[in-house]
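Novice: So that we are looking at the same thing, I have put the structure below in structure tokens.
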Amino acid sequence: MATTTSPASVTSVTSVTLEVADPEAARRFYTAFGVESRIRLRASGASGTSGTSGTSDPDSTGFRGFTLALTVSGPATVDGFVADAVGAGATVLKPATKSMWGYGGVVRAPDGTIWKIATSAKKDTGPATRRIDELVLLLGVEDVRASRRFYADLGLTVAKSFGGKYAEFVAEESDPVKLALYKRGGLAKDLGVPAEGTGSHRIALGGSTGAPFTDPDGFVWETAGPSAP
């Protein structure tokens, strides 16, 4: 685990920044995918707003330890987002299909970021839309209990917790991102990828924190900036 430095408090995730090799190409993809207003992009190796570049190592290999998940209204909307992602250059890791939890699929963007698109509904009750009900950032962590305590001690409120497998924090309706923790191996299995990976996560979280810090699993937090990407 990485050396951890702690701020006074964190009450929400205000932004997610992906570090990519080609920001303009990534912007075109995410615009076609339909999530351009939900994320920020910057070139790999560029320093963040915190004045540090803890996520900037361009030599990441394998699983980067997180996924971004879109929660939507129904299967047709899932299919629409998956089709748009694939049409813009994404690779399907798991085709959209029914499960005991609902319906969903997993894709890998050209920049390497893994996205899950899912709904709890198994049948459509209306036509497909482009509405995103929720954006969830799932961090793959070595010790869910320890990471849950870390974030709870900083001020986040635990909404759901399933032992050492999963934890989710409260997000207000106005919060752009919900934070959740998943056992790294379990998250990789759910996404259909090997759990092994080295190098930077290539993601930075913006939050209501007084100072930049790094969590126990090496995820970098920066001081909050403007809400628009």
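Each value in this text was obtained by applying a stated rule to the coordinates, not by laboratory testing. Since the model is a prediction, treat every value here as computed from it, not as a measurement. Note that we place each Cβ from the backbone using ideal geometry, even for glycine, and neighbour counts take in every protein chain shown.
Novice: Once the other residues with Cβ under 15 Å from the Cβ of LEU135 are scored (Lys, Arg +1; Asp, Glu -1), what is the net sum?
Specialist: Summing Lys/Arg as +1 and Asp/Glu as -1 gives -1.
Novice: Taking neighbour counts of Cβ atoms within 10 Å as a proxy for exposure, in what order, fewest first, do TRP221, TRP101 appear?
Specialist: Arranged by neighbour count, lowest to highest, TRP221, TRP101 become TRP101, TRP221.
Novice: Moving to a separate point now. Can you sort ASP124, ASP111 from fewest to most other Cβ atoms within 10 Å of each residue's own Cβ?
Specialist: In increasing order of surrounding Cβ atoms, one gets ASP124, ASP111.
Novice: Okay, next question. Below 14 angstrom from the Cβ of SER161, what's the summed charge of the other residues (Lys, Arg +1; Asp, Glu -1)?
Specialist: Result for the local shell: +4.
Novice: How big is D for region 13-223, in µm² s⁻¹ as a whole number, if Stokes-Einstein is applied with the Kirkwood radius of its Cα pairs at 4 °C and 1.567 mPa s?
Specialist: 75 µm²/s
Novice: In nm, what is the difference between 0.36 nm times the number of residues separating GLU24 and GLU173 and their Cα-Cα distance?
Specialist: Full-extension gain reported as 50.6 nm.
Novice: Apply the Karplus curve 6.51 cos²θ - 1.76 cosθ + 1.60, θ = phi - 60°, to the phi angles in region 120-125 and return the couplings in whole Hz, x for Gly and Pro.
Specialist: 7, 7, 9, 9, 7, 10
Novice: Sticking with this one: Mind checking the dipole of region 13-223: about its Cα centre, +1 per Lys or Arg Cβ, -1 per Asp or Glu Cβ, Debye to the nearest 20?
Specialist: Dipole magnitude for region 13-223 comes out near 620 debye.
Novice: How much net charge surrounds ALA96 when only other residues with a Cβ under 15 Å from its Cβ are counted (Lys, Arg +1; Asp, Glu -1)?
Specialist: +2
Novice: Counting other beta carbons within 10 Å of each Cβ, put VAL141, VAL92, VAL177 in order, fewest first.
Specialist: Least crowded to most crowded, the residues run VAL92, VAL177, VAL141.
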